[in-house]
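Below: the structure, in structure tokens.
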Amino acid sequence: MSTAMRREERVQRAAHPFVYPAMRAVARRGPVVRVPGIGVVVSDAALAREVLLDTEHFSKVGPGAPSDLWTPVLGPAVLLNMEGADHAALRRSLAGLFTPRAVRELARVEADAALGTLAARLLAGERVDLVREVEHLAGTVICRMTGLPPTDAGVREAFGAAREIVGLVRLHRRSLTPRQVSRAREVLGRLTRHAGEAYRAGDPATVPGRMAGLGLSEREALGAVGAFVLTGTETIQSFTPRLVALTHDAGWLEQLLQAEAGSALRTRVVEESLRTTVPSPAMLRSVRAEARVGGTPVAAGDRVVIATLSCCRAGGPFDPGAPVDPAIRHLWFGAGPHFCLCMPLALAQVDAVLDALAPVAAAGARLRVVRRRVARGVLIPAYRSLELVAEGAR
Ligand code: HEM
């Protein structure tokens, strides 16, 4: 195994010392394996896609599905616990929020506030922890989503709240305990209180204000904001430092920083890093009616665990030069009706960080990772710190 992949392995094992090796072992046993107490585990990309597209038999609502976790916290209608016509209608209403142009502007403004001085500090010889910088960016985006003022304290509060709620989830438990539910509702309530005010003010500079303009009810708007905060914070905070670490370790970072946003090279390296790291490593579905996954029969009430990480890793180790397997492409963002609604925002935030680091490469300096610590016992595997320096500026 290459050094780059070994270091990625360490990130995964620190987060899930038992589940990660077990999930990889299940993948070696076959594409579809029934694991008692866990569910029917799918480790093959083509079969995973079949399940995700077949909403007649597989649902995000029902026993063992995400609705068990999130409905008590977010309410019954927040996209990730909906199906059918209501789900499609809400997604259509939200589509206007995440046009590529709208999110580019959102991430650009945030980048100026959070990351604007990053390259200058590195070039001046400062050692920078990229994890802290990305947390600041993620916190600023939450502020914008919820209408909180993006002061330093506001940004810290927003990021801390999202992290606390996601941190309550444990892979081995299908739902939150009543105490966890009330804590999560209290923390989320503090964030969405601002969102309610922003919605009622209808200010188009805020996401809730724009939702009011799109004709969403206040309840729908607040539910969507909660869903964005919960799904979109840790994933980005996990991925961006891992992208930099992985490309650094594999010798691709310089080329990545020299490639412009939207160029084929940047897109390819970022996608290959997403395929290798898979920030959202599993997807859950509840079986609605008797069906087969590959050759395996499943019955109503069974739980299907799509091991997205295993599906994507079947494409081999990190290699941006290798051809892309069409069965795997974008599976890291899901497939079918629940495909990540905010993919453009996620990619715009990644671009914002790469654009903020690009002047280091333009000045002829090399970005080097000088110290890293992995995060232990977290839901989404991540670095706890990733310290960078710029070497050899002209
Ligand atoms: C690298 C970052 C991200 C990755 C890898 C990722 C991955 C995913 C995946 C795999 C799903 C589908 C889950 C399923 O079908 O069960 C999903 C759904 C979703 N994601 Fe993302 N996501 C990322 C960032 C974001 C961001 C930044 C936001 C918003 C701020 C976001 C919001 C959502 C929402 C709302 C859904 C649910 C859509 C629905 O059910 O219709 N995600 N994401």
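The values are calculated or read from the model by the stated rules, or taken from the named source; none is laboratory data. Keep in mind the model is a prediction, meaning the values are calculated, not measured. Counting neighbours? That spans all protein chains shown, and the Cβs are built from the backbone with ideal geometry, glycine included.
Those residues that are assigned to a loop (DSSP other than H, G, I, E, B) and within 16 Å of the ligand (Cβ to nearest atom), I need them from region 319-332; list them, please. Result: A327, I328, R329, H330.
Restrict the check to region 233-255 and report whether at least one residue is modelled with pLDDT under 90 and among the small types (G, A, S). So far as region 233-255 goes, no, none of its residues is modelled with pLDDT under 90 and among the small types (G, A, S). Do we have any residue at all in region 368-380 that's within 16 Å of the ligand (Cβ to nearest atom), within 28 Å of L53 (Cα to Cα) and at pLDDT 95 or above? No, region 368-380 contains no residue that is within 16 Å of the ligand (Cβ to nearest atom), within 28 Å of L53 (Cα to Cα) and at pLDDT 95 or above.
For region 271-316, which strands (runs of 3 or more DSSP E) that fit wholly inside it have 3 or more residues that are within 13 Å of the ligand (Cβ to nearest atom)? Write out each step before concluding.
Values: elements: 283-287, 291-293, 296-298, 303-306.
Where strands (runs of 3 or more DSSP E) fall fully within region 271-316 and carry at least 3 residues being within 13 Å of the ligand (Cβ to nearest atom), they are 283-287, 303-306.
Out of A375, A363, A356, one residue alone is in contact (Cβ under 8 Å) with a residue 12 or more places away in the chain, aliphatic (A, V, I, L, M) and in contact with an Asp or Glu (Cβ under 9 Å, 6 or more places away or on another chain). It is A356. Residue pairs whose Cβ atoms lie under 7 Å apart, separated by 6 or more positions or on different chains, with the first residue in region 159-178 and in a helix (DSSP H, G or I) and the second modelled with pLDDT of 80 or more and of a type in the set (K, R), are A161/R190. So, G262, is that one of a type in the set (G, A, S) and more than 15 Å from the chain's Cα centre (by Cα) or not? The answer is yes for G262.
Among the residues in region 220-237, are any in a loop (DSSP other than H, G, I, E, B), surrounded by 24 or more Cβ atoms within 10 Å (Cβ to Cβ) and in contact (Cβ under 8 Å) with a residue 24 or more places away in the chain?
yes
Scanning region 20-38 for residues that are under 15 Å from P279 (Cα atoms) and among the β-branched types (V, I, T) gives no hits. Annotation note: Cβ proximity below 8 Å between a residue of region 325-342 that is at positive phi and a residue that is of a type in the set (S, T, Y) and more than 7 Å from the ligand (Cβ to nearest atom) (sequence gap 6+ or interchain) occurs for G336/T55. Could you tell me whether region 98-111 includes any residue that is more than 15 Å from the ligand (Cβ to nearest atom), under 25 Å from G262 (Cα atoms) and among the polar types (S, T, N, Q)? No, there is no match, as no residue in region 98-111 is more than 15 Å from the ligand (Cβ to nearest atom), under 25 Å from G262 (Cα atoms) and among the polar types (S, T, N, Q). Entry remark, region 303-328: residues being within 21 Å of A250 (Cα to Cα) and out of contact with any strand residue (DSSP E or B) (no Cβ under 9 Å at 6 or more places or on another chain) number 15 in total. Residues in region 251-269 that are assigned to a loop (DSSP other than H, G, I, E, B) and touching a Lys or Arg at 6+ places or on another chain (Cβ under 9 Å): 3 in all.
Of all residues in region 343-362, none satisfies being part of a loop (DSSP other than H, G, I, E, B) and surrounded by fewer than 21 Cβ atoms within 10 Å (Cβ to Cβ).
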